Amino acid sequence: MRPPEREASSISLKETAMATTLERRSTNRLRGLRCRACHVLQPADERYVCGECYGPIEPEYDLAAFDTESLRAEIERGPLSLWRYAPLLPVAAPRGHFAVGWTPLVEAPRLGAAIGVARLFLKDDSRNPSLSFKDRPVVVALARALELGLDTIASASTGNLAGAVAAAAARNGLRAFVFVPAATDESKIAGAAAYGASVVRVNGTYDQVNRLCARLADEERWGFVNFTLRPYYAEGSKTLLFETAEQLGWCLPDHVVVPVGSGALLTRTATAAAQLRGTGLAEGALRIHAAQPSGCAPVSDAVLEGYRAVRPVRDPVTVARSLAIGAPADGDGSVEIIRASGGSAGSVSDDEVLEGCALLASTEGVLAEPAGGVVVATARALAARGAFADDESVVLSQPAATRRSTSMSLIFRSSRARSRIDIPSSRRGSCGTARSGAS
């Protein structure tokens, strides 16, 4: 069923946003959309798959056309958000956009000591507006939706993307529909509903929800951020490494450990590294490592077992539900990138995931959702395998904050907070008196 007609105020806001986008097209060097399968370069129009072979497409830039020092100066003069990298993005920021990105990169010595990593950093994307790194790809996809004149955006989601889509739509006066597996934790979608999105629970896995959205995309002129807008959506993920390199003094880290669901963040981490080198903004090798829970680890299993391609997981079972994507869209590409970079992967149990969350909280004061625990546990496993030298920098991508949810209770039970002490009977009276006097 199509949504009701837009009100005039919504039309006005959208037309204003379209008419007043930043002067991006004069400063970036977008050449078009290149197919990853047949390598044909195509116009940056409404297409979201290759017009020749229906393969995946992604923006391509003329990196040689940039002057390194001019580009660096332009970036450093830019806003403290991901839009400071507008010359390397395919769209312009809409007026009144969220300040997404430019999240902290902090040293984590106490966590590093606990897991055996000498030079450890956290890139904390839980500081984004909807508490998740998903704000990055969503705001880029939304900017493209505004350029195309769309009035509705939508997505399939395991939870975090739902909130990011709903928040961005509310900010820009668009309608939002989010489709989630019926088993999704209430805390993951409460925000989406509060932002005014229509939340649709679907009986099935994320991959089944995604297939439903693919059919809907053929029927409705909606912008499905991770489907019909995917070439632009995925570009937002590059900005995490752009920021990391800039925050390290325009230097690539030696290692980055990335949580993998669809694989978009991992593949665009490699894209970002190539673009930083191609423009002369940063140099150095970067080894990319995948972090997945053992209950849904198609990419990590392929890397660790030597498979050429991922083997889909039909029924993911993991506490890290945001990573429960059994047939990742960028799975094969992730495997290829990991191997080419000299990286590796981790497949960690739910107990290890929850212990990772508890360690992150107790050593660095960061409350992460289980996906963050997957990253910590994977880094610990990689360190035990000798993946990191003492003088090498290791960056952990912390993707989202935890909510007051079932997973939070599980983390609590796995931590040292469960410890109890008995108050001697001789002290109980004084404790009671003190408690009463303070009330």
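Numbers for the structure displayed
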item	result
Answer residue from segment 358-399, given it is outside any loop (DSSP other than H, G, I, E, B) and charged (D, E, K, R) and is farthest from Arg287 (Cα to Cα) among those	Glu364
Residue ranges of strands (runs of 3 or more DSSP E) in segment 123-218 with at least 3 members touching a residue at least 24 places away in the same chain (Cβ under 8 Å)	152-156, 175-181
Within segment 50-107, tally of residues that are under 30 Å from Cys38 (Cβ atoms) and free of Cβ contacts under 8 Å to residues at least 12 places away in the same chain	2
Filter pass, Leu304 being buried (at least 24 other Cβ atoms within 10 Å of the Cβ), of a type outside the set (Asp, Glu) and part of a helix (DSSP H, G or I)	no
Qualifying residue in segment 231-250 (condition: surrounded by 24 or more Cβ atoms within 10 Å (Cβ to Cβ), in contact (Cβ under 8 Å) with a residue 40 or more places away in the chain, farther than 17 Å from Trp83 by Cα and within 20 Å of the chain's Cα centre (by Cα))	no
Some residue of segment 263-286 being charged (D, E, K, R), within 19 Å of Ser393 (Cβ to Cβ) and in contact (Cβ under 8 Å) with a residue 40 or more places away in the chain	no
Residue in segment 85-100 that is assigned by TED's automatic domain parsing to the domain that holds Leu360, part of a helix (DSSP H, G or I) and either at pLDDT below 95 or crowded, with 17+ Cβ neighbours inside 10 Å (or both) present	no
Looking only at segment 113-122, and only at residues there that are assigned to a strand (DSSP E or B) and of a type outside the set (A, V, I, L, M), the one that is farthest from Ala371 (Cα to Cα)	Arg119
Residue that is modelled with the lowest pLDDT [pool: residues in segment 384-405 that are more than 18 Å from Leu252 (Cα to Cα) and in contact with a helix residue (DSSP H, G or I) (Cβ under 8 Å, 6 or more places away or on another chain)]	Arg404
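The values are calculated or read from the model by the stated rules, or taken from the named source; none is laboratory data. Predicted, not measured: the structure shown is a model, and the values here were computed from it. Virtual Cβ from ideal backbone geometry, glycine too; neighbours counted across all protein chains shown.
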